[in-house]
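**Student:** Shown below is the structure under consideration.
Please treat every number below as a calculation from the coordinates, not as lab data. Since we're looking at a predicted model, the values are computed, not measured. Glycine also receives a Cβ, built like all others from the backbone with ideal geometry; neighbour counts cover every protein chain displayed.
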There are 2 protein chains.
Amino acid sequence: MRIAQVAPLWECVPPPAYGGTELVVSRLTDGLVKCGHEVTLFATADSQTLANLIPGAPSSLRVAGVTPSEYQVYDLMQMNRLIEQSDQYDVIHFHVDAIALPFANAMKVPCVHTVHGILNPIVEKLFAQNKHQNFVSISNSQRRTDLGLNYVGTVYNGIDPETYVFHPQPSDPPYLTFFGRMSPEKGPHLAIEIAKRTGWHLRMAGKVDRADKEFFATQVEPLIDGEQIVYLGEANHAQKSEIMGNAVATLCPLTWREPFGLVMTESMICGTPVIAIAQGSAPELILHGKTGFLCKDVDECVAAVGRIGEIDRRTCRDHVVQNFSAAAMVQGYEAVYQQLIARKVQQNGHLRQSRAIVGAV
Amino acid sequence: MRIAQVAPLWECVPPPAYGGTELVVSRLTDGLVKCGHEVTLFATADSQTLANLIPGAPSSLRVAGVTPSEYQVYDLMQMNRLIEQSDQYDVIHFHVDAIALPFANAMKVPCVHTVHGILNPIVEKLFAQNKHQNFVSISNSQRRTDLGLNYVGTVYNGIDPETYVFHPQPSDPPYLTFFGRMSPEKGPHLAIEIAKRTGWHLRMAGKVDRADKEFFATQVEPLIDGEQIVYLGEANHAQKSEIMGNAVATLCPLTWREPFGLVMTESMICGTPVIAIAQGSAPELILHGKTGFLCKDVDECVAAVGRIGEIDRRTCRDHVVQNFSAAAMVQGYEAVYQQLIARKVQQNGHLRQSRAIVGAV
């Protein structure tokens with residue numbers, strides 16, 4: 001297949017640190033190339049890819065510090081290039097949300113959108129206006145059935161098993177861990193509560209966004225004692241794999257419907273079970289009692305910590321390799337593309353047939 | 001002709017106060033309807049028009065106080081609606097700059113863009129990428145020949161003569177006037193200098209944008225004495241027509257290449273000659289020695305004040321009625337649309353012909 005992948009220009013592909021969407025695009029794009037597809041990646045010029053790269057900006061627009069208005073113009077330039085050459089692809093896969101919707105209406109080639117984030121109320125209107133287009137959800141729980149979007153599949157975000165070391169045993173002395181943004185939605189304050197109530201050590205890592213500074217300063221920071229509760233700042237990939245892999249369990253006491261819990265799959269692939277509040281994608285990612293525990297509240301999380309010895313760490317890794325690897329994701333999207341192309345061929349056939357009938361009359 | 005007019009959503013059409021683009025769109029749209037064309041206006045829902053209105057936002061997005069990101073989504077929704085029904089028009093006329101360019105590439109219908117403002121460096125890149133599209137300049141001096149844009153005509157912004165009262169004589173005691181934003185480009189500080197050096201009274205009106213607050217506070221405000229130099233704040237249409245019409249001359253000591261000097265045509269239609277620094281569109285709008293004076297600097301403006309008695313005020317009005325009225329603008333755009341449609345028909349003819357030849361072989 002000749003496939004166009006359209007990435008945001010905020011980060012390069014793959015991103016140097018944060019940038020979940022760009023990371024997924026990177027793994028998907030390179031995975032498709034390895035499967036023999038002819039892939040073109042629309043992304044920043046400083047992206048690293050096995051595909052044919054069409055640059056939409058000289059470098060990451062976050063690093064370049066552009067304004068929202070300037071960002072929009074780069075988006076438009078990227079769409080412009082895509083329109084000019086859209087007939088060169090069999091399918092176009094958008095990862096850029098709102099901007100792509102009106103353009104996809106103008107394309108003759110089948111298009112599909114993966115929405116990686118959350119939609120704000122105005123963007124929801126634009127999506128509702130285009131609900132007939134093709135959408136892929138990154139979990140079933142992410143589906144916006146209220147908007148009536150036409151979902152053609154769910155494809156879970158995949159990670160590369162080879163880049164995470166399997167840890168058959170946690171380190172001694174044992175500890176719990178928490179990874180993620182220091183925001184109320186991710187529940188770092190609840191992770192601390194669980195640690196304090198169970199008496200376990202907790203190692204936490206994750207960035208503090210500007211919007212979360214006050215929450216962190218008032219709800220999290222005062223509880224960090226550097227002994228039982230340790231905050232390690234932001235962690236790179238190697239640190240994350242090391243700290244997660246050596247933990248007894250990863251805590252995900254979510255207070256929001258997270259579209260896809262990447263940290264959960266990262267933890268399990270290291271062999272570390274996940275204790276999560278059963279919000280958003282968690283029930284789709286964790287096998288309750290097999291690869292972790294799905295809890296309804298903090299009390300249940302506290303109880304689950306006591307049962308963590310029941311979990312086989314090898315099962316955790318196998319579960320992710322089988323269901324949430326980059327290879328599984330590539331296969332999932334291949335199936336979506338084939339479905340869309342087949343439907344298009346069928347539609348064109350009907351069109352030709354009805355034209356022939358009109359001609360015969 | 002079936003014509004789509006696509007207006008910005010920042011102001012309603014026509015705008016209650018400021019909004020040069022929306023005012024031009026209003027006059028053009030209603031003028032085309034009066035000429036018997038079937039016109040559809042894409043604008044805010046609170047717009048007033050003789051055309052078929054397709055609302056792109058509930059009301060002026062400036063009044064609604066949206067963020068730049070939200071503004072973009074409304075823009076996209078408007079483009080989305082236009083794409084859905086683009087085959088219903090013979091020609092599409094865009095007044096929305098950057099956002100329209102990639103979409104126009106995807107349209108089968110002839111499209112034309114009027115750029116009403118100034119392009120920032122990033123937007124210039126997008127224009128250069130689309131230089132093959134059809135552009136109309138609002139003055140010859142506005143043409144961006146450096147970008148290689150394909151101009152299909154110049155159509156001056158038109159005003160409605162009936163809404164401006166002709167004043168055969170200035171009032172007594174006599175005064176000069178200045179209308180426009182209180183920004184360095186418009187030269188209110190130079191207007192004050194001209195008044196002070198000639199000893200004439202000066203009445204000034206115009207808004208102070210946030211970006212110009214410091215300039216106004218340091219360069220203009222200290223010179224306002226409420227006697228010789230009077231600042232009237234913002235003026236509505238009736239006040240403008242009254243104050244301008246009663247003036248001896250309007251001063252436009254520009255320090256920038258203004259794409260179209262609306263104030264100049266408004267002044268002349270009231271019968272009031274214009275003394276301008278010959279920047280931007282000024283030499284195209286003012287007949288030197290007949291409807292005002294084109295000066296190279298403040299010294300020449302000072303000298304011109306002394307020669308203002310040479311100007312016949314009736315000639316000023318006639319010049320605008322003939323060349324810069326809404327009727328002249330409507331005719332100008334009609335000619336542009338006809339040219340584009342004729343070219344499209346010719347192209348399609350060639351296409352059909354070459355297909356027929358292929359079929360015959």
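**Student:** In nm, one decimal, shortest first: how far is the label point of A:Cys35 (7 Å from Cα along Cα to beta carbon) from the matching points in the other copies?
**Tutor:** 5.5
**Student:** How do A:Met264, A:Met107 line up, fewest other C-beta atoms within 10 Å first?
**Tutor:** Least to most surrounded, the residues fall as A:Met107, A:Met264.
**Student:** Which one of A:His132, A:Thr272, B:Ala100 is farthest out on the positive end of the charge dipole of the protein assembly as shown, using unit charges on Cβ (Lys, Arg +1; Asp, Glu -1) and the Cα centre as origin?
**Tutor:** Value computed over the given set: A:His132.
**Student:** Which one, B:Ile286, B:Ile122, B:Ile308, has the greatest fluctuation when you compute a Gaussian network model over chain B with C-alpha springs under 10 angstrom?
**Tutor:** Highest fluctuation among the options: B:Ile122.
**Student:** Can you give me the long-range amide H partners of A:Gly261? Hydrogens built in the peptide plane at 1.01 Å from N, cutoff under 5 Å, separation of 5 or more residues or another chain.
**Tutor:** A:Ser281
**Student:** If you don't mind, there's one more thing I want to ask. Can you give the net charge of the other residues whose Cβ lies under 9 Å from the Cβ of B:Leu61, counting K and R as +1 and D and E as -1?
**Tutor:** Here the count lands on -1.
**Student:** Name the shape class, rounded, prolate or oblate, that the alpha-carbon gyration tensor gives for the range B:55-141, where a ≥ b ≥ c are the square roots of its eigenvalues, rounded holds for a/c under 1.5, and otherwise prolate holds if a/b is larger than b/c and oblate otherwise.
**Tutor:** Because a/c hits 1.5 or more and a/b fails to exceed b/c, the range B:55-141 counts as oblate.
**Student:** With Cβ to Cβ distances under 11 Å as the rule, what net charge do the other residues near A:Val13 carry (K, R +1; D, E -1)?
**Tutor:** With Lys, Arg at +1 and Asp, Glu at -1, the neighbours total -3.
**Student:** If you don't mind, another one. Which of these, A:Glu162, A:Glu266, A:Glu284, has the largest mean-square fluctuation under a Gaussian network model of chain A (Cα springs below 10 Å)?
**Tutor:** Greatest mean-square fluctuation among the candidates belongs to A:Glu162.
**Student:** Long-range amide H contacts for A:Ser47: which residues qualify at under 5 Å (H placed 1.01 Å from N, peptide plane, sequence gap of 5 or more or a different chain)?
**Tutor:** A:Val13
**Student:** May I ask which of B:Lys108/B:Lys131; A:Lys108/A:Lys131; A:Lys207/A:Lys290 have a Cα-Cα span longer than 19 Å here?
**Tutor:** Result: A:Lys207/A:Lys290 exceed 19 Å.
**Student:** For labels at B:His350 and A:Leu147 in the simple 7 Å Cα→Cβ model, what's the distance in nm?
**Tutor:** Label-label distance for B:His350 and A:Leu147, simple model: 4.3 nm.
**Student:** Would you calculate a helix-derived [θ] at 222 nm for chain A, using -39,500 (n - 2.57) for each DSSP H run of n ≥ 4 and dividing by the full residue count, to the nearest 500?
**Tutor:** So the calculated ellipticity at 222 nm is -12000 deg cm²/dmol.
**Student:** I would also like to ask the following. What does the charge add up to near B:Gly199, with Lys and Arg as +1, Asp and Glu as -1, over the other residues with Cβ less than 14 Å from its Cβ?
**Tutor:** Neighbourhood net charge equals -1.
**Student:** Sticking with this structure for a sec: I need the phi-derived Karplus couplings for the range B:210-219: 6.51 cos²θ - 1.76 cosθ + 1.60, θ = phi - 60°, integer Hz, Gly and Pro marked x.
**Tutor:** Each residue's phi maps through the Karplus curve to give 4, 5, 9, 4, 5, 4, 4, 5, 9, 9 Hz.
**Student:** Can you grab the distance from the C-alpha centre of the range A:51-99 to the C-alpha centre of the range B:32-90, Å, no decimals?
**Tutor:** Here the two parts' Cα centres lie 25 Å apart.
**Student:** Would you please give the residues with an amide H less than 5 Å from that of B:Cys295, counting only those at least 5 places away or on a separate chain, with H modeled from the backbone geometry?
**Tutor:** B:Ala276, B:Ile277, B:Ala278
**Student:** When only DSSP loop residues count, what GluC sites (Glu not before Pro) in the range B:192-251 have their Cβ near at most 16 other Cβ atoms within 10 Å?
**Tutor:** B:Glu227, B:Glu234
**Student:** Quick one: grab the alpha carbon gyration tensor of the range A:161-322, order the square roots of its eigenvalues as a ≥ b ≥ c, and give me rounded if a/c is under 1.5, else prolate or oblate depending on whether a/b is larger than b/c.
**Tutor:** rounded
**Student:** Here's something else I'd like to know. Name the residue from A:Val321, A:His201, A:Pro170 whose Cα lies farthest towards the positive end of the charge dipole of the range A:161-322, charges +1 on Cβ of Lys and Arg and -1 on Cβ of Asp and Glu.
**Tutor:** Toward the positive end, the furthest listed residue is A:Val321.
**Student:** What are the distances, in nm and sorted shortest first, from the label point of B:Asp312 to the label points of the same position in each other copy, with each label point placed 7 Å from Cα along the Cα-to-Cβ direction?
**Tutor:** Here the equivalent label points are 10.5 nm apart from this one.
**Student:** Would you look at the GNM of chain A, springs on alpha carbons closer than 10 Å, and say which of A:Cys252, A:Cys111, A:Cys35 moves the most?
**Tutor:** A:Cys35
**Student:** In whole Hz, what ³J(HN,Hα) sequence does the range B:286-302 give by Karplus (6.51, -1.76, 1.60; θ = phi - 60°), x for Gly and Pro?
**Tutor:** 9, 8, 4, x, 10, 10, x, 9, 9, 10, 8, 7, 5, 4, 5, 5, 4
**Student:** So, one more: Neighbouring Cβ atoms within 10 Å as the yardstick, rank B:Tyr156, B:Tyr337 fewest first.
**Tutor:** Sorted ascending by nearby Cβ count, the order is B:Tyr337, B:Tyr156.
**Student:** Here's a follow-up. What ranking do A:Met244, A:Met182 get, fewest neighbouring Cβ atoms within 10 angstrom at the top?
**Tutor:** A:Met182, A:Met244
**Student:** Starting from a label point 7 Å past Cα on the Cβ side, list the distances from B:Gly349 to the same position in the other copies, nm, shortest first.
**Tutor:** Ordered by distance, the counterparts are at 4.1 nm.
**Student:** For A:Lys213, go through the lysines and keep the ones whose alpha-carbon is under 21 Å away, minus same-chain ones fewer than eight residues off.
**Tutor:** Reachable lysines: A:Lys186.
**Student:** I need the phi-derived Karplus couplings for the range A:224-235: 6.51 cos²θ - 1.76 cosθ + 1.60, θ = phi - 60°, integer Hz, Gly and Pro marked x.
**Tutor:** Using θ = phi - 60°, the values come out as 7, 10, x, 10, 6, 10, 10, 10, 9, x, 7, 10 Hz.
**Student:** In whole angstrom, how far apart do the alpha carbon centroids of the range B:124-178 and the range A:325-354 sit?
**Tutor:** Between the Cα centres of the range B:124-178 and the range A:325-354 lies a distance of 51 Å.
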